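Trainee: Take this structure first; my questions come after.
The values are calculated or read from the model by the stated rules, or taken from the named source; none is laboratory data. If you're wondering where the values come from, they're calculated on a predicted model, not measured in any experiment. Because the Cβ atoms are built from the backbone with ideal geometry, glycine has one as well, and the counts that use them run over all protein chains shown.
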Amino acid sequence: MSEPPPEIPTPFDAAGGLLFALRLNNPIEPVSWNDLERAEPQCPLWMHFDRTRAHAQEWLRDRSGLDPLAIDALLADETRPRATEFDRGLLIMLRAVNLNPGAEPDDLVSLRCWLDSSRLITLRQRPLHSVAEVHQRIVRRQGPGSSGSVLSSLALAIALSLGVVLEDLEDPLDHADEALSDARPEAVSISQLADVRREAARLRRYLAPQRDTLTHLVISGNPLIDAGARRELLEAADQNARIVEHLEEIRDRAAVTQDEYRAVRELRQSRTMYLLTLIAAVFLPLSFLTGLLGINVGGIPGADNPTAFWIVAISLLSLAGVLVVAFKKLHWI
């Protein structure tokens, strides 16, 4: 006798992985675990899961009816933004800003989505501010009423939240530019500029494909995405494109600032070395003469003359003056 299937958790059991499920009709209706398989095709349904929970993975594999390739992609450990069309739906991977307390905003987290004619299934590993924002709008009757519109609203909310990342990257650059304009290169952190370049390159690695993904969804003409949702996706794609262009500008600006910092430091070092070289050039003959007069052998001129010291001192000062005048005529000073 086979073992009974595992018990399905109670509705909205975060420990089981069902964070929420809403039937997008009027009025909005919450849906339990046991009602997920009985979704009505004419009434769209949005289900949001915690990808890490065993019950959510079990439902997705055994009860969702999705293509096995789509299930494996939704549960994969690593993802990058993309959109893949299946016979009965769309698989969409997005990246969003991590706005959780204590998190770095440039730490992008993934949102995995499945869209078909009656359902939008989303999965996350960490809480997403954009998902909570769209969820609250729907609950307040201010949000979209179709699964395709929910997807486009999520994409737009994610795109609009990316501005936080740019602010964090631009602050060190503004500080460095101000320090360099005030001739204070010592106030510039070269390691911080390198971090900005690395972060900009890392963010672009995910956001450039996300821009292309959203653009593909707009121009694909997929019937799962209506005209209103397509307009929102177009705005999200445009916002992502601006973010990517801004990241490229930040990366180039950081590189220019690094070059300017190195040029200022090298100029200072060159001036210092030049000054030290001139000083050495002036004092080299003086040191030679004082060394010659200081040798401990007989026959040193003026050894018995009480005014010899002043004669030598005045002669050395005169020689130093002649050297300075000569350097000026040679344009060395």
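Trainee: Can you tell me which residue is surrounded by the most Cβ atoms within 10 Å (Cβ to Cβ) among those in the range 63-106 that are without any contact (Cβ under 8 Å) to a residue 40 or more places away in the chain and over 31 Å from the mean Cα position of the chain (by Cα)?
Mentor: It comes out as 67.
Trainee: If you don't mind, there's one more thing I want to ask. If I ask for residues that are among the aromatic types (Phe, Trp, Tyr) and more than 34 Å from the chain's Cα centre (by Cα), which ones from the range 41-62 would you list?
Mentor: 59
Trainee: Continuing with the same structure: Mind checking whether some residue in the range 261-277 is touching a Leu at 6+ places or on another chain (Cβ under 9 Å), within 22 Å of residue 166 (Cβ to Cβ) and either in a helix (DSSP H, G or I) or charged (D, E, K, R) (or both)?
Mentor: yes
Trainee: Which of the residues belonging to the range 172-203 are charged (D, E, K, R) and within 20 Å of residue 259 (Cβ to Cβ)?
Mentor: 174, 177, 178, 182, 184, 186, 195, 197, 198, 199 - these are the residues of the range 172-203 that are charged (D, E, K, R) and within 20 Å of residue 259 (Cβ to Cβ).
Trainee: Which of the residues belonging to the range 118-151 are assigned to a strand (DSSP E or B) and hydroxyl-bearing (Ser, Thr, Tyr)?
Mentor: Step one: filter the range 118-151 for residues assigned to a strand (DSSP E or B), giving 119-124.
Residue satisfying the conditions is 122 alone.
Trainee: Further, regarding this structure: When the residues of the range 139-168 are narrowed to those that are surrounded by 23 or more Cβ atoms within 10 Å (Cβ to Cβ) and within 13 Å of the chain's Cα centre (by Cα), which ends up farthest from residue 232 (Cα to Cα)?
Mentor: 165
Trainee: Is it fair to say residue 224 is assigned to a helix (DSSP H, G or I), crowded, with 18+ Cβ neighbours inside 10 Å and not acidic (Asp, Glu)? Walk me through it before giving the result.
Mentor: Working: assigned to a helix (DSSP H, G or I): no; crowded, with 18+ Cβ neighbours inside 10 Å: yes; not acidic (Asp, Glu): yes.
Judged against the criteria, residue 224 is not a match.
Trainee: Here is a further query. It is to be established whether one or more residues within the range 61-68 are in contact with a strand residue (DSSP E or B) (Cβ under 8 Å, 6 or more places away or on another chain) and at pLDDT 90 or above.
Mentor: Yes, the range 61-68 has at least one match.
Trainee: For the range 169-186, enumerate the residues that are of a type in the set (Gly, Ala, Ser) and surrounded by fewer than 18 Cβ atoms within 10 Å (Cβ to Cβ).
Mentor: Within the range 169-186, the subset of a type in the set (Gly, Ala, Ser) is 176, 179, 181, 183.
Matches in the range 169-186: 181, 183.
Trainee: Restricting the search to the range 243-260, which residues are closer than 10 Å to residue 200 by Cα and either touching a residue at least 24 places away in the same chain (Cβ under 8 Å) or touching a strand residue (DSSP E or B) at 6+ places or on another chain (Cβ under 9 Å) (or both)? Steps first, please.
Mentor: Going through the range 243-260, the residues closer than 10 Å to residue 200 by Cα turn out to be 244, 246-252, 254.
Selection gives 244, 246, 247, 248, 250, 251, 254.
Trainee: Check off (1) touching an Asp or Glu at 6+ places or on another chain (Cβ under 7 Å); (2) modelled with pLDDT under 85 for residue 156 and give me the number that stays unchecked.
Mentor: Here residue 156 meets the rest and fails (2).
Trainee: Can you tell me which residue within the range 107-133, out of those that are surrounded by fewer than 21 Cβ atoms within 10 Å (Cβ to Cβ) and small (Gly, Ala, Ser), is farthest from residue 25 (Cα to Cα)?
Mentor: Among those that are surrounded by fewer than 21 Cβ atoms within 10 Å (Cβ to Cβ) and small (Gly, Ala, Ser), it is 132.
Listed here are the residues, each with its yes/no results for (1) touching a strand residue (DSSP E or B) at 6+ places or on another chain (Cβ under 9 Å); (2) small (Gly, Ala, Ser); (3) at pLDDT below 90; (4) not in a strand (DSSP E or B).
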residue: 35; (1), (2), (3), (4): yes, no, yes, yes
residue: 42; (1), (2), (3), (4): no, no, yes, yes
residue: 46; (1), (2), (3), (4): yes, no, no, no
residue: 49; (1), (2), (3), (4): yes, no, no, no
residue: 58; (1), (2), (3), (4): no, no, no, yes
residue: 70; (1), (2), (3), (4): yes, yes, no, yes
residue: 76; (1), (2), (3), (4): yes, yes, no, yes
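Trainee: Report whether or not residue 179 is under 26 Å from the mean Cα position of the chain (by Cα) and without any contact (Cβ under 8 Å) to a residue 40 or more places away in the chain. Outline the logic, then answer.
Mentor: Numbers: under 26 Å from the mean Cα position of the chain (by Cα): yes; without any contact (Cβ under 8 Å) to a residue 40 or more places away in the chain: yes.
Against the criterion (under 26 Å from the mean Cα position of the chain (by Cα) and without any contact (Cβ under 8 Å) to a residue 40 or more places away in the chain), residue 179 qualifies.
Residue by residue, here is whether (1) part of a helix (DSSP H, G or I); (2) surrounded by 13 or more Cβ atoms within 10 Å (Cβ to Cβ); (3) modelled with pLDDT of 80 or more holds:
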position	(1), (2), (3)
244	yes, yes, yes
250	yes, yes, yes
254	yes, yes, yes
259	yes, no, yes
295	no, no, no
